[in-house]
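What follows is a single structure, written as structure tokens, with notes after it.
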Amino acid sequence: MEEDALEGYRTLGSPMEVIDRLLMPAMERVGRLFGEGRMFLPQVVKTARVMKRAVAALTPYIEQGAGQSAHTAGKVLIATVKGDVHDIGKNIVSVVMACNGYEIRDLGVMVEPQRIVDEAVAWGAQCICLSGLITPSLDEMIHVCEELERRRLRIPVIIGGATTSDLHTAVKIAPVYSGAVVHSPNASRNAQILARLLGPDSEGFVAEVQAAQEELRRQFERDEQTRRLIPIVEVRKARKGAPHHTPVVPLHPGRMVFPDFDVADVEPYIDWNFFFPAWGLKGRYPDILDHPERGAEARKLFDDAQAMLARIRDGRLLTLQAAVGIFPARSEGDDIWVADSRGRERRFAMLRNQTRGEENRSLADFIAPAGDWIGCFAVTAGIGLRELEERFRAEGDDYSAIMAKLLADRLTEAFAEVVHSFVRRQMWGYEQGELPAPAA
């Protein structure tokens, strides 16, 4: 690719001509095909990798004529909001937007609202994309829009992430900001929304979105009026709790640490069903490998994943660690009290279902009032991931960076199953018999 880029430079006589006349039209075509569903996300990310390598080869010649600038469809700032470290979706969206000709400023994860707004203003961003996976991120997105409103700015905002929705955006986020706030369900839709927000009929599009959001708010109010919750005092009085159980005394109570677990022992437990949808390929594993439309790309992706997994395993690029513990516990109302090795208790407050017509249970109902136990564990397969990602990104290889992140995610889930099995069978000892085989 590097040689092709340089040949284009020698032919056209300008590095910016190569970018504007050859690379950008190709990237825009890829973005358009992806938006039409005729190209899959892995192909888009690989295309971006090729683009970056070509631009890297042209960079020395671009710097010689610093006054020139390439065409851009718009300047977009993107960030994962404060309190949230998840960035797989954000990184994918960034690549897709770049493929559609947008200049991207990625602030990373755990970004404070004030910094997001400061950077957007200083850089001249034409749109702000906010990403988040966990529920508290929803409040942080509201804070960003409140800060924009406080400064009387009108930069359009796109909301995205697993916990976000059209309804939440309409009911909770849009009302705090006078500017446009649009929810995007995926990377493909994000590019389409950007094209309309920054296009010639942006006012018409914003009016459409705001009208739809107003209708969602009215429907939400109607639903809330008909949805009757039982007052918490009544629910607690009438609670039946979970069926009685006799607590099983663990074989090895206390705490245990796994400082460096072998990746090879975790691999058989990987559930690949969540891997393919993260790349925009819907379908269950292994059936997706033979899908008439998505099968060929799914097989390429799976082969790439296996190769990356082998690099991680053989090069010890990621460290798997876990801590588990089984502690004395008791319930008191909706609370669970957990004791440490010195007998000191800590209270964990639990919610109770208040929906009329349902079992109004709390997690505390599953713990006996005295003499019971509770298990806790924390696992990670991400030690070393940041360095691995940074290395790939420094090489212009977003595809491998995203692949490594997704595999670390899958390894963590698999590791949790391995540790949980160990706790059930060896540490607590309530599960016996033949060891269940890893899920296919």
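The values are calculated or read from the model by the stated rules, or taken from the named source; none is laboratory data. These numbers come from a predicted model, not from an experiment. All Cβ positions, even for glycine, are placed from backbone atoms using ideal geometry, and neighbour counts span all protein chains on display.
Condition check: surrounded by 12 or more Cβ atoms within 10 Å (Cβ to Cβ) and modelled with pLDDT of 95 or more. Does Leu318 satisfy that?
Details: surrounded by 12 or more Cβ atoms within 10 Å (Cβ to Cβ): yes; modelled with pLDDT of 95 or more: yes.
Yes.
Looking at Val117, Val144, which is the one that is surrounded by fewer than 24 Cβ atoms within 10 Å (Cβ to Cβ), at pLDDT 95 or above and either in contact with a Lys or Arg (Cβ under 6 Å, 6 or more places away or on another chain) or not assigned by TED's automatic domain parsing to the domain that holds Lys405 (or both)?
On the way: Val144 fails: surrounded by fewer than 24 Cβ atoms within 10 Å (Cβ to Cβ).
Being surrounded by fewer than 24 Cβ atoms within 10 Å (Cβ to Cβ), at pLDDT 95 or above and either in contact with a Lys or Arg (Cβ under 6 Å, 6 or more places away or on another chain) or not assigned by TED's automatic domain parsing to the domain that holds Lys405 (or both) holds for just one of Val117, Val144, which is Val117.
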Exception for Ile336 within (1) in contact with a Gly (Cβ under 9 Å, 6 or more places away or on another chain); (2) part of a strand (DSSP E or B) falls at (1)
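Would you say Asp303 is closer than 20 Å to Glu389 by Cα, modelled with pLDDT of 95 or more and over 26 Å from the mean Cα position of the chain (by Cα)?
Taking the combined requirement at face value, the residue does not satisfy it.
Does region 349-366 contain at least one residue that is more than 26 Å from Val235 (Cβ to Cβ) and not in a helix (DSSP H, G or I)?
Taking region 349-366 first, the residues more than 26 Å from Val235 (Cβ to Cβ) are none.
The answer is no, given that none of the residues of region 349-366 is more than 26 Å from Val235 (Cβ to Cβ) and not in a helix (DSSP H, G or I).
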Of the conditions (1) aliphatic (A, V, I, L, M); (2) within 30 Å of Leu41 (Cβ to Cβ); (3) in contact (Cβ under 8 Å) with a residue 12 or more places away in the chain, the single one that Ala310 does not satisfy is (3)
Practice task
Tell me, yes or no, whether region 373-381 has at least one residue that is touching a residue at least 12 places away in the same chain (Cβ under 8 Å), closer than 30 Å to Cys99 by Cβ, assigned by TED's automatic domain parsing to the domain that holds Pro259 and under 28 Å from the mean Cα position of the chain (by Cα).
Solution key: yes
Apart from one, (1) among the hydrophobic types (A, V, I, L, M, F, W, C); (2) assigned to a helix (DSSP H, G or I); (3) surrounded by fewer than 16 Cβ atoms within 10 Å (Cβ to Cβ) all hold for Ile173; the odd one out is (3)
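So which residues in region 101-118 are under 19 Å from Glu390 (Cα atoms) and either part of a helix (DSSP H, G or I) or aliphatic (A, V, I, L, M) (or both), if there are any at all?
Within region 101-118, the subset under 19 Å from Glu390 (Cα atoms) is 104-111.
Ile104, Leu107, Val109, Met110, Val111, listed by residue number.
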- Task: State whether the residues of region 185-197 include one that is in contact (Cβ under 8 Å) with a residue 60 or more places away in the chain and of a type in the set (Ser, Thr, Tyr).
- Result: yes
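Does Ala323 satisfy the criteria of being outside any helix (DSSP H, G or I), out of contact with any Lys or Arg (no Cβ under 9 Å at 6 or more places or on another chain), in contact (Cβ under 8 Å) with a residue 24 or more places away in the chain and closer than 30 Å to Arg255 by Cβ?
Numbers: outside any helix (DSSP H, G or I): yes; out of contact with any Lys or Arg (no Cβ under 9 Å at 6 or more places or on another chain): no; in contact (Cβ under 8 Å) with a residue 24 or more places away in the chain: yes; closer than 30 Å to Arg255 by Cβ: yes.
Answer is no for this residue.
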Worksheet item: Being in contact with a Phe, Trp or Tyr (Cβ under 7 Å, 6 or more places away or on another chain) and at pLDDT 85 or above, is that true of even one residue in region 59-67?
Response: no
